[in-house]
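Here's the structure, in structure tokens; my notes come after.
The values are calculated or read from the model by the stated rules, or taken from the named source; none is laboratory data. These numbers come from a predicted model, not from an experiment. Don't worry about glycine lacking a Cβ; one is built from the backbone with ideal geometry, like all the others, and counts go over all protein chains shown. All accessible areas refer to the heavy atoms of the entire protein, side chains included, with ligands and DNA or RNA removed. Shrake-Rupley method; radii C 1.70, N 1.55, O 1.52, S 1.80 Å.
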Amino acid sequence: AQSVTQLGSHVSVSEGALVLLRCNYSSSVPPYLFWYVQYPNQGLQLLLKYTTGATLVKGINGFEAEFKKSETSFHLTKPSAHMSDAAEYFCAVSEGQAGTALIFGKGTTLSVSS
Amino acid sequence: EAGVAQSPRYKIIEKRQSVAFWCNPISGHATLYWYQQILGQGPKLLIQFQNNGVVDDSQLPKDRFSAERLKGVDSTLKIQPAKLEDSAVYLCASRDRRPGYEQYFGPGTRLTVT
């Protein structure tokens, strides 16, 4: 069965600092991996996704993530945090082309201080 | 392109009452999902439709929850009777059937059961 573990339910950084949100997954088949962001009282917005091909994926708002099969990880990074990045971030996995539903981690709340 | 629409945005009911949520997916999206997001957790799949057929409802509490997608477009999710533990945000998402395409989420309906 697939699962997602997000290490750290809350991450705090200063504005301009590196953002690193950790995600590890388990899957018996090649996974599709996603990062979503959720602002208060809003739905989920896709930041980036990995399906096949290049393992370093660039997304919106300066975020990127690297798929490391050997480590079963898909960590999200951003070189320089901005106040507007404060939100909740979810890592999710699905079974590739099967089109199955997403399995989400519990989420990481990112706080950015000035 | 219009996004996924959901209504109502907020609903407060007493336990043992019934409630219904409505979702209109992105035009042309054959796959529709309902997720339940309890406070502090990631979304969890309740039911997945492909056109108007059910693909996966293994996590739907069928003694109280029901869902339908007539004509393969709009969908409704109903809870009858509601319990306190049903308090959550109910998210609807839709997806293009082509492999690798992501799910698009609506803003959700926040249900409070008192």
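For chain A, modelled as a GNM with alpha-carbon contacts under 10 angstrom, which of A:S94, A:S73, A:S27 fluctuates the most? With Cα springs under 10 Å in chain A, the top fluctuation among A:S94, A:S73, A:S27 is at A:S27. Computed from protein heavy atoms with a 1.4 Å probe, the total accessible area buried between B and A is close to 1500 Å².
Accessible area per residue (1.4 Å probe, heavy atoms of protein chains only) ranks A:K58, B:K71 as B:K71, A:K58, with the largest value leading.
Between A:N61 and B:Y10, the C-beta separation translates, for a Förster distance of 35 Å, into a calculated FRET efficiency of about 0.80. When you count the other C-beta atoms within 10 angstrom of each residue and take the mean per peptide, A:20-26, A:6-12 line up highest first as A:20-26, A:6-12. Average accessible surface for chain A: 47 Å² per residue, computed with a 1.4 Å probe over protein heavy atoms with every protein chain in place. Taking a Cβ cut-off of under 11 Å around B:A30, the surrounding Lys, Arg, Asp and Glu residues balance to a net charge of +3, with basic ones at +1 and acidic ones at -1.
Quick one: among B:F49, B:F21, B:F65, which has the greatest mean-square fluctuation in a GNM of chain B with alpha-carbon springs under 10 angstrom? For chain B, modelled as a Gaussian network with Cα springs under 10 Å, the answer is B:F65. Count Lys and Arg as plus one, Asp and Glu as minus one, and take only other residues whose Cβ is under 14 Å from that of A:N24; the net charge is then +2. Distance from the alpha carbon centroid of region B:48-75 to that of region A:1-55 works out to 27 angstrom.
Compute the accessible area of each residue in region B:95-114 twice, once for its chain alone and once with every protein chain present, using a 1.4 Å probe on heavy atoms, and list those whose area falls by at least 40 Å². Correct list: B:P99, B:G100, B:E102, B:Q103, B:F105. Give me the net charge for the shell around A:T77: Cβ to Cβ below 13 angstrom, other residues only, Lys and Arg +1, Asp and Glu -1. Taking every Cβ under 13 Å from that of A:T77, the sum is +1. Round to a whole angstrom and tell me the spacing of the C-alpha centers of region B:85-114 and region B:1-42. With region B:85-114 and region B:1-42 each reduced to a Cα centre, they are spaced 5 Å.
Remark on the protein assembly as shown: hydrodynamic radius 18.1 angstrom, per the Kirkwood mean of 1/r across alpha carbon pairs.
Accessible area ranking (1.4 Å probe, heavy atoms, ligands and nucleic acids excluded), largest first, for B:H29, A:H75, A:H82: A:H82, A:H75, B:H29. For region B:1-113, the solvent-accessible area works out to 50 Å² per residue, with a probe of 1.4 Å and every protein chain left in place. Modelled spin-label separation between B:L70 and B:Q41, with each label point placed 7 Å from Cα along the Cα-to-Cβ direction: 3.1 nm.
Expressed as a whole percent, the accessible area of the protein assembly as shown that falls on carbon and sulfur atoms is 51 (1.4 Å probe).
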